[in-house]
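**Student:** Can you keep this structure in mind? I'll have questions shortly.
The values are calculated or read from the model by the stated rules, or taken from the named source; none is laboratory data. Everything numeric here is computed off the predicted structure, so don't read it as measured data. Cβ coordinates were reconstructed from backbone atoms using ideal geometry, including for glycine residues, and neighbour counts include every protein chain displayed. Accessible surface areas use protein heavy atoms only, side chains included; no ligands, DNA or RNA. Shrake-Rupley method; radii C 1.70, N 1.55, O 1.52, S 1.80 Å.
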Amino acid sequence: MKYHSFLFEKLQGSALGTLILIGLYLSSFYSYLLFHILAELFSIVVIYAMFMIAWNSRKYIENHYLMFIAIAYLFVATLDLLHTISYKGMAIFTDYDFYANQLWIAARYLESLSLLVAFIFFHVRKKPLNIQLQFLVYTVLTAVLIMTIFTWNVFPICFIEGVGQTPFKIISEYIICGILLAAVWVLSKHRERFEADIYRALLWSLVFTIISEFSFTLYISNYGFSNLVGHYFKIFSFYMIYKAIIQTGIVRPYDLIFRELALKEKTLQEAKETAENANQVKSEFLANMSHELRTPLNGILGYVQILRNDQNLAEQQKHGLNIIFRSGQHLLDMINDILDLSKIEAGKIEFNPTKVSLSSLLSIVIEMTHVQAQQKGITFLHEEHPNVPHYLFVDEKRLRQVLLNLLSNAVKFTERGSVTLRISNMKHEAETTEEGGGDSSLFPALSSHLRFEVIDTGIGMAPEHLQHIFHPFRQVSKAYAHREGAGLGLAISYHLVRLMGSEIHVTSTPGTGSSFWFDLAVPAVQEPSTDGFVRFDPASSSDLLIIAPDGKEVEQLYELALIGDVMGIRARLQELQQNAPQCKAFITQIQHFAKDLRLLEIQQFLQRLLL
């Protein structure tokens with residue numbers, strides 16, 4: 001139905017156009033002057049309409065080519081209007097009969113050169129079109145052309161009565177055709193900047209204009225057949241401009257706007273790909289350089305440690321070796337930081353969560369920080385709330401790295417007082433499942449919401465400096481310039497914590513100290529008991545203990561959940577009811593999920609037991 005409607009509209013439009021062309025041709029038999037007026041007025045009306053649409057769309061259309069052409073054609077239309085009213089037989093200008101030929105050449109030079117010059121704006125994207133300047137330039141050009149014809153009488157003669165066109169007129173037509181051909185070539189080079197329909201319409205407009213200009217090189221009489229053909233092709237040319245500008249601007253106005261948006265998106269995508277490639281090259285370079293530097297540096301540090309064990313060394317030699325070792329260790333730390341930062345920026349940082357003993361993880365952190373604090377003569381405190389779980393499912397290396405960075409930073413900027421590491425479980429109340437039905441309260445939450453907080457009594461920071469502390473290679477003030485470090489520790493910690501799904505927060509008061517903290521939601525994991533069952537203690541105020549069967553039974557249930565075998569799950573649960581009555585809470589929870597076919601929740605529930 002839509003196809004037939006579209007076809008009818010096309011036929012209707014073609015029929016109307018054919019009738020107009022036939023009517024124009026018949027008018028030439030009655031009066032060629034009437035035909036000329038109608039043909040020229042058609043092109044003039046199209047030009048003014050094109051200008052008005054482009055002008056009112058200038059806030060949204062950033063295609064400087066179209067805007068430049070619209071303004072240029074406004075002045076071309078002015079010359080064409082003068083050409084129309086000065087045509088032989090109009091009896092408006094009586095001192096000379098062939099002003100129209102001179103105005104025609106002036107208008108065509110202005111039109112063709114404008115079409116070619118407009119392409120400059122495709123190569124100067126960042127420089128906007130200066131509309132006021134263009135209006136000024138074209139006003140001066142048009143005024144000068146008009147004065148050379150009507151006032152100064154210096155414009156070359158283009159037509160001689162009884163002889164025909166002058167060599168200047170014919171050569172000018174060929175030059176104009178050459179300029180238009182150049183415009184066609186440049187247009188084809190920039191076709192991707194136009195909607196397909198607009199591009200084809202502009203291309204055909206240029207082609208018809210070239211044919212029109214060529215026709216005007218052949219006539220002898222201003223009322224001759226070649227002159228008539230030339231005006232017909234001029235009508236075709238401006239009709240295609242109508243198709244490109246007016247119809248597109250009214251019927252599909254958003255195409256012009258979204259064309260610019262698409263080009264901007266393409267440019268941004270290209271810039272993004274270039275930046276990503278450059279970042280990739282930088283990351284690979286840093287990784288390679290870090291590796292090349294770490295290899296000899298590790299050798300130096302190794303031999304320094306061997307030499308330090310020599311009992312025959314004098315105190316001065318030991319002191320020198322200690323300086324070499326500390327400097328080398330500091331350099332190694334900076335290399336490792338740069339490598340980590342490059343991995344983070346390249347999106348290649350890896351997390352390997354495993355079952356971790358929290359006390360074991362913290363023992364290394366506490367020991368290293370205690371040594372640093374002791375060397376500076378400050379106190380190091382460790383506060384761990386009793387509801388913190390013993391085992392977690394985290395990336396031990398990354399969590400330790402973040403804690404060490406925060407603690408080392410706190411010790412570095414604390415001259416007296418203390419540095420405190422505080423760990424608490426912010427989510428220690430037992431949670432029940434949200435789904436109704438069944439004895440869901442038998443299964444408390446297995447996750448913990450831990451807060452890691454580092455508090456110091458150091459020099460603190462002003463509020464305006466807090467927004468910069470997580471930027472790499474940044475010193476927040478000159479007061480910190482004498483401190484060691486490349487300024488990467490906090491930046492790396494910030495990104496690592498974000499990749500863990502959290503944020504580092506900070507409060508600080510100059511002269512009083514700072515507090516850094518972040519929260520992590522991590523699964524709490526319990527070790528198997530000696531009787532082969534897993535007991536889940538949610539570290540909450542609840543006295544309820546959830547007992548699960550051994551790992552083999554859990555694995556079998558998990559495999560059944562993966563393949564969607566609900567009947568198999570129910571059969572295994574019935575066996576467990578008989579063989580392991582102490583797992584009643586566990587069995588009840590799985591039955592509750594299986595009843596509503598919530599296989600994904602069964603999988604998630606069992607995954608926690610397999611950690």
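**Student:** Keeping to region 22-47, report how many residues are surrounded by fewer than 13 Cβ atoms within 10 Å (Cβ to Cβ) and under 16 Å from LYS234 (Cβ atoms).
**Tutor:** Of the residues in that region, 1 qualify.
**Student:** Condition (residue is modelled with pLDDT of 80 or more and either surrounded by 14 or more Cβ atoms within 10 Å (Cβ to Cβ) or not aliphatic (A, V, I, L, M) (or both)) applied to region 240-251: is it met by at least one residue?
**Tutor:** Within region 240-251 (the criterion being modelled with pLDDT of 80 or more and either surrounded by 14 or more Cβ atoms within 10 Å (Cβ to Cβ) or not aliphatic (A, V, I, L, M) (or both)), the answer is yes, since at least one residue qualifies.
**Student:** For ILE220, only one of the following conditions fails: (1) under 16 Å from ALA100 (Cβ atoms); (2) among the aliphatic types (A, V, I, L, M); (3) modelled with pLDDT of 80 or more. What is its number?
**Tutor:** (3)
**Student:** Kindly establish whether TYR199 is touching a helix residue (DSSP H, G or I) at 6+ places or on another chain (Cβ under 7 Å) and modelled with pLDDT under 90.
**Tutor:** Answer is yes for this residue.
**Student:** Please specify each residue of region 176-197 satisfying the condition of being of a type in the set (A, V, I, L, M, F, W, C) and without any contact (Cβ under 8 Å) to a residue 60 or more places away in the chain.
**Tutor:** The answer is CYS177, LEU181, VAL184, TRP185, ALA196.
**Student:** Does ARG400 qualify as being modelled with pLDDT of 90 or more and under 42 Å from the mean Cα position of the chain (by Cα)?
**Tutor:** Spelling it out, it is not the case that ARG400 is modelled with pLDDT of 90 or more and under 42 Å from the mean Cα position of the chain (by Cα).
**Student:** Please go through region 74-113 and pick out each residue that is among the β-branched types (Val, Ile, Thr) and either surrounded by 24 or more Cβ atoms within 10 Å (Cβ to Cβ) or out of contact with any His (no Cβ under 9 Å at 6 or more places or on another chain) (or both).
**Tutor:** Selection gives VAL76, THR78, ILE85, ILE92, THR94, ILE105.
**Student:** For PHE473, indicate whether it is at pLDDT 50 or above, of a type in the set (A, V, I, L, M, F, W, C) and within 16 Å of LEU406 (Cβ to Cβ).
**Tutor:** no
**Student:** While we're here: Sort out which residues of region 566-581 are under 50 Å from the mean Cα position of the chain (by Cα) and either open to solvent by less than 40 Å² (accessible area, probe 1.4 Å) or at pLDDT below 75 (or both), and write them in order of number.
**Tutor:** Passing the criteria: VAL566, GLY568, ILE569.
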